[in-house]
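**Q** Starting off with a structure, shown below.
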Amino acid sequence: MKAYFKFELSQFIKSKKNIAIYVLLLFLACFYALNIAPSYKPIEKVDAKEIEARYLSREAFLSNFTNENRFTGMAGYGLAIYPKWNWLDKSRLDALNDNKLKQYSKFTSEWYIYSNNITYGSEHFFYSPGYYTHGNLYASEDGYYGYLYSASRYQGYAEGKSKLSINVFEERTALQTLQRLLHSYLPMILMICCVFLTVDVVLKDRLNPSLLKGFPISDWKKLIIKGAVSLIGSIGVIVPLSVGLLLIGIRYGFGDFQLPVPIYSYSGEPSYFNKGEFINITMGSYLLENFILLIFCFMFLISLVLLVSMIIKNEFANLLVAAIFIFNEIFYFKRGIGFFYEVENYPTNYVQVGQILSGYRNYIYNSSALNLGNGLTALGMGTGVLLLLIFLISKYKRYKLV
């Protein structure tokens, strides 16, 4: 088996297709670091001028009224809520101007909580404009999530020991960029790479049948080794991606593994009226959980491709079946369906690993069950079933590798 493993690994490394995939990833990582990352504009940015303008507008309103008991309606409401709002903004502005970033974090966390309590469900106050772009029908819900996410994050900065900066506040550092990408399309990109690295791992044997017959091991063991080599190669995509993170770190800082990452969870039984809460975990824990869940996704995908390769023996079929797993969620996705269906039982719901582990998928699905434990269970059991089918099918001469 050791000799066959070396043979498969050597073929994998020398494959022009695989080399092209790594080179393409390296190019994309560098392009992102040098062109896309610098243009990133966070919805919740640090802007002293914006804070000051908001403060002065409210202060001008308050200065025109001296006795709030004389006024009713929106004027009275404004007189009731603006003093604390302005005090928080003034405290943030002073802390920012004095470069007291711990204090800024503390007051900013309180500001987001207070602002959210006033804004959510209001017809007169709105969240940051970025939530309302592209005709977003769920701007209020996204704003609610974004404000409480920011409140939890800034609370973590105030209580933690990480070195703070504007780049940290705006999540521009290398580790925070990786966190944002894991919450976006990076998991899908990694899984697509896994599929392309695995798609011909069985079918290429047809090119050298006589050579492969010289290895005195069963097809089942050969398939396990092929799967292991594909898994190693899929994990190896971290190498070209890390070059891009290195470039981002040089420009914006690397961050540290103690930075807080807000995780959303329900505070009780899920319902339309229970909006849940956030807790913070460390960046190190969050990235480790993402890596573990990605590994399980890779194993499921590799097992699926191996099975299809044995039965259909066509690379296009491999790509098609793998694409169904990666993109299948878009055919039934609908916000809130987790309240009615047990979405945690579908392996296809765990493709967006960053959104699963941050709790964002629980929020939009209105579920409390999309988590690391259930993800490992669903993907692990799915992989086990696929491996069992591979083992059984490998015993039939009709499905011999060569």
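The values are calculated or read from the model by the stated rules, or taken from the named source; none is laboratory data. As the structure is a computational prediction, the values presented were derived from the model and not from experiment. No Cβ is skipped: glycine too gets one built from the backbone with ideal geometry, and neighbour counts run over all protein chains shown. Each accessible area value is taken on the protein alone, full model and side chains, heavy atoms only, with ligands, DNA and RNA left out. Shrake-Rupley method; radii C 1.70, N 1.55, O 1.52, S 1.80 Å.
**Q** Once neighbouring chains are kept in place and the probe is 1.4 Å, which whole percent of the accessible area of the chain is contributed by carbon and sulfur?
**A** Values: 12850 of 20170 Å².
Roughly 64 percent of what the probe reaches on the chain is carbon or sulfur.
**Q** Against the longest principal axis of the chain, how steep is helix 372-393, in degrees 0 to 90 to the nearest 10, with axes from Cα atoms?
**A** Computed tilt is about 10 degrees.
**Q** Fully extended, how many nm does the chain gain between ALA20 and ALA75 (0.36 nm per residue separation, minus their Cα-Cα distance)? Walk me through the intermediate numbers first.
**A** On the way: separation 55, 0.36 × 55 = 19.80 nm, distance 6.46 nm.
Taking ALA20 through ALA75 to full extension adds about 13.3 nm, to one decimal.
**Q** Quick one: what are the phi-derived ³J(HN,Hα) couplings along the stretch 317-323, Karplus 6.51/-1.76/1.60 with θ = phi - 60°, whole Hz, x for glycine and proline?
**A** The phi angles translate into 5, 4, 5, 5, 5, 5, 5 Hz.
**Q** What residue among TYR157, ILE21, PHE340 has its Cα farthest toward the positive end of the dipole of the chain, where the charges are +1 on Lys, Arg and -1 on Asp, Glu, each on the Cβ?
**A** Positive-end residue among those listed: ILE21.
**Q** So if I place +1 on the C-beta of Lys and Arg and -1 on the C-beta of Asp and Glu, and nothing else carries charge, what would the dipole magnitude of the stretch 48-169 be about its Cα centre? I want it in debye, nearest 20.
**A** The dipole of the stretch 48-169 has a size of about 420 debye.
**Q** Next up: Report, in deg cm²/dmol and to the nearest 500, the calculated mean residue ellipticity at 222 nm for the chain, where each DSSP H run with n ≥ 4 adds -39500 (n - 2.57) and the sum is divided by the residue count.
**A** About -20000 deg cm²/dmol.
**Q** Per residue, how much accessible area does the chain show when a 1.4 Å probe rolls over the protein heavy atoms, in square angstrom?
**A** The answer is 50 Å² per residue.
**Q** Largest first, what is the accessible-area ranking of HIS134, HIS183 with a 1.4 Å probe?
**A** HIS134, HIS183
**Q** Pop out the ³J(HN,Hα) list for the stretch 164-169 in order, Karplus 6.51 cos²θ - 1.76 cosθ + 1.60 with θ = phi - 60°, rounded to Hz; leave Gly and Pro as x.
**A** For the stretch 164-169, the Karplus-derived couplings read 9, 7, 4, 5, 5, 4 Hz, x marking Gly and Pro.
**Q** Follow-up question, since we're still on this one. For SER10, SER128, what's the largest-to-smallest order of accessible area, 1.4 Å probe?
**A** Ranked list, largest accessible area first: SER10, SER128.
**Q** Moving on. For the stretch 48-169, what relative contact order do you get, as a whole percent, if you take Cα pairs closer than 8 Å and at least 6 residues apart?
**A** Across the stretch 48-169, relative contact order equals 23 percent.
**Q** Given H placed on each backbone N at 1.01 Å, which residues far from ILE263 in sequence or on other chains put an amide H within less than 5 Å of it?
**A** So ILE263 has HN proximity to ILE279, ASN280, ILE281.
**Q** Name the lysines eligible as straight-distance cross-link partners of LYS397: C-alpha to C-alpha under 24 Å, and not fewer than 8 places from it in the same chain.
**A** LYS204, LYS213, LYS221, LYS222, LYS226, LYS313
**Q** Over the stretch 142-263, what is the relative contact order in percent, taking alpha-carbon pairs closer than 8 angstrom and at least six residues apart?
**A** 53 percent
**Q** If each of ILE311 and ASP256 carries a label point 7 Å out from its Cα toward its Cβ, how far apart are those two points in nm?
**A** 5.2 nm
**Q** Taking each pair of different alpha-carbon atoms in the chain once, compute 1/r for the pair, average those values, and report the inverse of that mean as the Kirkwood hydrodynamic radius in Å to one decimal.
**A** 24.0 Å
**Q** Please give the helix 73-97 orientation as an angle from the longest Cα principal axis of the chain, in degrees from 0 to 90, rounded to the nearest 10.
**A** Tilt relative to the chain: about 70 degrees.
**Q** For the chain, what is the relative contact order in percent, using Cα pairs closer than 8 Å and at least 6 residues apart in sequence?
**A** In percent, rounded to a whole number, it is 19.
**Q** Here is a further query. What does the charge dipole of the chain about its Cα centre add up to, to the nearest 20 debye, if the Cβ of each Lys and Arg holds +1 and the Cβ of each Asp and Glu holds -1?
**A** 1880 debye
**Q** Which of the listed residues, GLN103, LEU306, SER140, is farthest toward the dipole's positive end in the chain, when Lys, Arg count +1 and Asp, Glu count -1 at the beta-carbon?
**A** Result: LEU306.
**Q** Another question, then. Work out how much length ARG180 to PHE215 would gain on full extension: take 0.36 nm times their residue separation and subtract the Cα-Cα distance, in nm to one decimal.
**A** Value of the extension gain: 8.0 nm.
**Q** Short version: ³J(HN,Hα) in whole Hz for each residue of the stretch 338-345, in order, from phi by Karplus 6.51 cos²θ - 1.76 cosθ + 1.60 (θ = phi - 60°), x for Gly and Pro, what are they?
**A** x, 6, 10, 10, 7, 5, 5, 8
**Q** Name the shape class, rounded, prolate or oblate, that the alpha-carbon gyration tensor gives for the stretch 48-169, where a ≥ b ≥ c are the square roots of its eigenvalues, rounded holds for a/c under 1.5, and otherwise prolate holds if a/b is larger than b/c and oblate otherwise.
**A** oblate
**Q** Could you tell me how many degrees, from 0 to 90 and to the nearest 10, lie between the Cα long axis of helix 2-14 and the main elongation axis, the longest principal axis, of the Cα atoms of the chain?
**A** Its long axis makes an angle of about 60 degrees.
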